[in-house]
Amino acid sequence: MGKSTNSKGNLLEKDLRIVSLIPSATEIVAQLGYGEYLVGRSHECDFPSDVQTLPVCTEPKFDPVGTSREIHERVTELLATALSVYRVNVPLLAKLRPTHIITQAQCEVCAVSLSDVEQAVTTLAQPEDTPIKIVSLQPEKLADVWTDIARVAEAFEPFQTSPQTAKASAQKMIESLQARLPTPSKTNQSKTSPSKTSPSKTSPSKTSQDEKDTPKKVVCIEWTDPLMAAGNWVPELVAIAGGQDCCGQAGKHSDWMSWETLTAADPDIIVVMPCGYDMAQTRTATEAIATSAQWQSLKAVKSNQVYLTDGNQYFNRPGPRLVESAEILAEIIHQQSANQNRHPVGWEKF
């Protein structure tokens, strides 16, 4: 795999060939400005839309069509037999001749595992070739996402005319995303001004003021059958949006949740965001659990505070659109725009 260099010995950008095997990484690559160097993607990479024309390098080993319970059982069976959940198309990778393959080591159910990619690269390796650079992302919390953005950019530095270019792009991107995160001041700025009436008529009682100042309890459901509470970065996003996640643990993997736990939490708001599900699939899955008597007893259900989201496009992807995910949560919790430049898509009331 011959590559050319400039007078300073740097490899040239025209020789950069990236295969991204995880949707969030594809989005990171595109937003960093390297989208034109993508030559392959995973079967789930679909954003930005133009990546959908790229060759697909992975496929699931299970039938992804079915109920939440059926999919759960198929994946569980594969994992129980020590098999990976996804398959890498090694012959296609050989044809694509990537300089970089981006994958993840965060969740064996979410995408191709790091070990599978390493095995594929070993198969591809030829003595005369420059080694393929494997970039493995492992985000557990929001800070890790910023680190991953910098890690991806750093991997491309040998192909830059100036080694600082990629780092500078990453830092600029991170700062821009962080600046967009909702804050109380941003959330409150769109509220209407109070009417000019006498204080005795407008001042809320201490009890009502305390209730107003107390963050609403939120449960984010990442799978519906069996129930799973969203963890990792989601509880952080809830807090940033002004809520209190009462089941998920920040920085910890999403975990199974019993109906008893959900009932005991009795949240003010329920946000449903099944991993890999679009809005239509989320609605179908929620309709299935809505027949439960335990579901009907929940405060959020009684007060019509259950919301559906496109978890596949937003919350399940630890990339740039986690910022938009935080904005979605802020819109749900406060029932007002979190960003006047954002079209309110990605969620709806159940």
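The values are calculated or read from the model by the stated rules, or taken from the named source; none is laboratory data. Since we're looking at a predicted model, the values are computed, not measured. Cβ placement follows ideal geometry from the backbone for every residue including glycine, while neighbour counts extend to all protein chains displayed. Each accessible area value is taken on the protein alone, full model and side chains, heavy atoms only, with ligands, DNA and RNA left out. Shrake-Rupley method; radii C 1.70, N 1.55, O 1.52, S 1.80 Å.
Potential lengthening of the chain between residue 299 and residue 175 amounts to 40.8 nm, from the contour at 0.36 nm per residue minus the alpha-carbon distance. Put simply, the range 229-318 fits an ellipsoid with semi-axes of 19, 16, 12 Å; these come from the alpha carbon gyration tensor as the roots of five times its eigenvalues, largest first.
For a paramagnetic label modelled on residue 53 (point 7 Å from Cα along Cα→Cβ), amide N atoms under 16 Å away belong, within the range 19-41, to 35-41. Working from label points 7 Å from Cα in the Cα-to-Cβ sense, the residue 183 to residue 46 distance is 3.6 nm.
Looking at the range 207-350 alone, DSSP beta bridges between its own residues are antiparallel in about 40 percent of cases. Here the spin labels are modelled as points 7 Å beyond Cα on the Cα-Cβ line, and at residue 258 and residue 115 they lie 3.2 nm apart. Per-residue surface analysis assigns residue 47 an accessible area of about 80 Å², computed on protein heavy atoms at 1.4 Å probe radius. Multiplying the residue separation of residue 138 and residue 123 by 0.36 nm and removing their Cα-Cα distance gives an extension gain of 3.0 nm.
Here the simple spin-label model places points 7 Å from the Cα toward Cβ, and for residue 97 and residue 225 these points are separated by 5.0 nm. When peptides 36-42, 137-143 are sorted by average Cβ neighbour count within 10 Å, with the highest value leading, the order is 36-42, 137-143. Pairs from the list 61/133; 61/349; 133/172; 167/216; 61/167; 141/172 with a Cα-Cα gap above 28 Å: 61/349; 167/216; 61/167. A Förster distance of 35 Å, applied to the separation of the beta-carbon atoms of residue 341 and residue 67, puts the FRET efficiency at 0.40.
Local charge for residue 289 was computed over the other residues whose Cβ lies under 14 Å away, with Lys and Arg +1 and Asp and Glu -1, and equals -1.
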